[in-house]
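Below: the structure, in structure tokens.
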Amino acid sequence: MSTVQRILAALPAKPTQMLPQACYTDPAFFTFEQRSVFAKSWICVGRVEQIPIPGDCLSVPAAGEPIIVIRNEAGGVHAVSAVCQHRGEILECSGPRHLRCPLHFWTYDLTGALVGAPRTGAEELRRLRTEVRLPSVRLELWHGFIFVNLDGQASPLGPSLAKVEPFWEGYEAADLVAIPPKMADTPLPWNWKVHVENFTDAYHPEFVHRGTHDFAPSVHPDGGVEFTSMEDGDNAILRTVPLISADGGMMQDGWGEAAAFPAIQTLPEAQRRRLVFVLLPPSMTLVFAPGAVAYTLISPVGAEATLASSDRVTAGGWLLPRTTTKLPDFDQRKAAVQEGAAKIWAQDVPLNLGMQDGKRSRFGPPGYYTALETTLVQFNAWLLHAYRRAAGTVAETRVCP
Ligand code: FES
Ligand SMILES: [Fe+2]
């Protein structure tokens, strides 16, 4: 029995139990996850604003595969493999109207069709043009976010995010512009699941984030965190927490009343009094706040190596009303949000390091989830489904608590 088979055989029967520790530490299991989870999931790789005009493109990794996302001549966005179909060199965006391989200069048009192959005869080139193109990769846009999926059979993304839709109400009416996150180049030394569990955990803020998160409490006499149920096919795990007063947001000391990004006037009343934390497993998180939508892109590169790009970890990662970006002191406001997010992150980092260390201990617990950890149980359900589907022991539909 291989290591991966042994780990799969040890998966808990129910998502209310923790996954085996090896799911967080074993390199072979990480390879299995890349192939069986990430390569079959919708992965967010950026925003449409990053490629505004035909010929613009993004070189991005998805499930360990180099991908190029291109704005084509007709204005649409599509994705192709970045692996040259001559001998397999990796293409980079080279524009403006074509992709050119750096090794022997084979060129492809914006749809991925072969255009040129130097030193081949006219007859041979004609034949190659009919046979060679960069493989297409499935792509879907969701509120301006670009998602790709390496699995041609995967279910469409949009319906799986249906339960997030109500929370967009009023945001796009504010003429949002994206400030994409600075892309991380240094991996964080923990498993990607430790990273997203930290994000989605409503239990820890009152203990870990004293002074930076009290304004958005999970526990409050007037009502605290609220969860949603997880239905078959859902690809979103979310929670809402109240704000102590309306129109608050991120300040230089964390969440607070005097938000650096002004509240968005087109939001419904309820949304100006809460934060909505959304995990889109496996690669993205979003926070809907009264003044902004903040997002994180996650790209694991090893069992204990995770790239994460966001205002907490690197910089940027916001959707903001255009009016906010035009404020004369916008740079100071950005800096304040960055500082507040970094303070919250500085409180999380040692805990994530500790959690990853715990995954290597012989004394690791079977685990116990409180009611405040409902989203972690939902994430376990999502993972168990993905693992069992890959192992051929579960049907396509997902059963969640
Ligand atoms: S490998 Fe790309 S042109 Fe030769
Ligand atoms: Fe935290």
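Summary table below
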{"read-out": "Tally, over the range 57-76, of residues that are surrounded by fewer than 19 Cβ atoms within 10 Å (Cβ to Cβ) and either out of contact with any Gly (no Cβ under 9 Å at 6 or more places or on another chain) or under 15 Å from Trp42 (Cα atoms) (or both)", "value": "8"}
{"read-out": "Strands (runs of 3 or more DSSP E) contained in the range 113-229 and holding at least 2 residues away from ligand 2 (no atom under 16 Å from the Cβ), in contact with a Ser or Thr (Cβ under 9 Å, 6 or more places away or on another chain) and free of Cβ contacts under 8 Å to residues at least 24 places away in the same chain", "value": "114-116"}
{"read-out": "Answer residue from the range 3-23, given it is touching a helix residue (DSSP H, G or I) at 6+ places or on another chain (Cβ under 7 Å) and of a type outside the set (Val, Ile, Thr) and is nearest to Glu33 (Cα to Cα) among those", "value": "Cys23"}
{"read-out": "Some residue of the range 356-365 being closer than 20 Å to His213 by Cα and either small (Gly, Ala, Ser) or within 22 Å of the chain's Cα centre (by Cα) (or both)", "value": "no"}
{"read-out": "Any hit, the range 79-93, residues being outside any loop (DSSP other than H, G, I, E, B), away from ligand 2 (no atom under 16 Å from the Cβ) and within 19 Å of Pro52 (Cα to Cα)", "value": "yes"}
{"read-out": "Sole exception among (1) surrounded by fewer than 20 Cβ atoms within 10 Å (Cβ to Cβ); (2) farther than 25 Å from Thr306 by Cα for Phe167, by number", "value": "(1)"}
{"read-out": "Lone qualifier among Gly76, Gly64 - being at pLDDT below 95, touching a helix residue (DSSP H, G or I) at 6+ places or on another chain (Cβ under 7 Å) and closer than 19 Å to Asn149 by Cα", "value": "Gly64"}
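The values are calculated or read from the model by the stated rules, or taken from the named source; none is laboratory data. The structure presented is a predicted model; accordingly, all values stated were derived computationally and were not measured. No Cβ is skipped: glycine too gets one built from the backbone with ideal geometry, and neighbour counts run over all protein chains shown.
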